[in-house]
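Visitor: Please read through the structure below; I'll follow up with questions.
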Amino acid sequence: MNSIDWNNVAKEAASQTDAEFNKQLASLTNLKLSEVDAFIKESKITNANAIKTLKLIDDATISNNEKAKAISNIENGLGFVISLVSKVV
């Protein structure tokens, strides 16, 4: 019986998930997939933290100051926002 490399299976699944997330983010913006890939890698943010950050940005019920404080508490959230904004401006 062949041994299954579960660590490799997990890495492949994570890679597929990252690729799908980047495709979805590219489809929601005017950014190319290569640009999304680049700023995700540049900001070193996880998909979960990127989603948290984007949800905060989109939340119209909280002030910009509250958003800034909350984003600063998300690991690599600020770097993600800066990378994202640099692609827009």
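The values are calculated or read from the model by the stated rules, or taken from the named source; none is laboratory data. Note that the structure is a prediction, hence the values are computed from the model and not measured. Because the Cβ atoms are built from the backbone with ideal geometry, glycine has one as well, and the counts that use them run over all protein chains shown. Just so you know, the surface numbers come from the protein's heavy atoms only, side chains and all, with ligands and any DNA or RNA stripped out. Shrake-Rupley method; radii C 1.70, N 1.55, O 1.52, S 1.80 Å.
Visitor: Taking the condition in a helix (DSSP H, G or I) and among the aliphatic types (A, V, I, L, M), does residue 40 pass?
Guide: Details: in a helix (DSSP H, G or I): yes; among the aliphatic types (A, V, I, L, M): yes.
Yes: the conditions hold for residue 40.
Visitor: Further, regarding this structure: Out of the residues in segment 43-52 that are without any contact (Cβ under 8 Å) to a residue 40 or more places away in the chain and in a helix (DSSP H, G or I), state the one that is surrounded by the fewest Cβ atoms within 10 Å (Cβ to Cβ).
Guide: So the residue we want is 48.
Visitor: Of 55, 67, 11, which residue is more than 19 Å from residue 88 (Cβ to Cβ), in a helix (DSSP H, G or I) and among the basic types (Lys, Arg)? Show your work before the answer.
Guide: Numbers: 55 fails: more than 19 Å from residue 88 (Cβ to Cβ); 67 fails: more than 19 Å from residue 88 (Cβ to Cβ).
The match here is 11.
Visitor: Within segment 70-89, which residues are modelled with pLDDT under 90, surrounded by fewer than 17 Cβ atoms within 10 Å (Cβ to Cβ) and assigned to a helix (DSSP H, G or I)?
Guide: Correct list: 82, 85, 86, 87, 88.
Visitor: Return the residues of segment 14-34 that are under 18 Å from residue 86 (Cβ atoms), open to solvent by 60 Å² or more (accessible area, probe 1.4 Å) and either in a helix (DSSP H, G or I) or out of contact with any helix residue (DSSP H, G or I) (no Cβ under 8 Å at 6 or more places or on another chain) (or both); say none if nothing qualifies.
Guide: Across segment 14-34, the qualifying residues are 28, 30, 33, 34.
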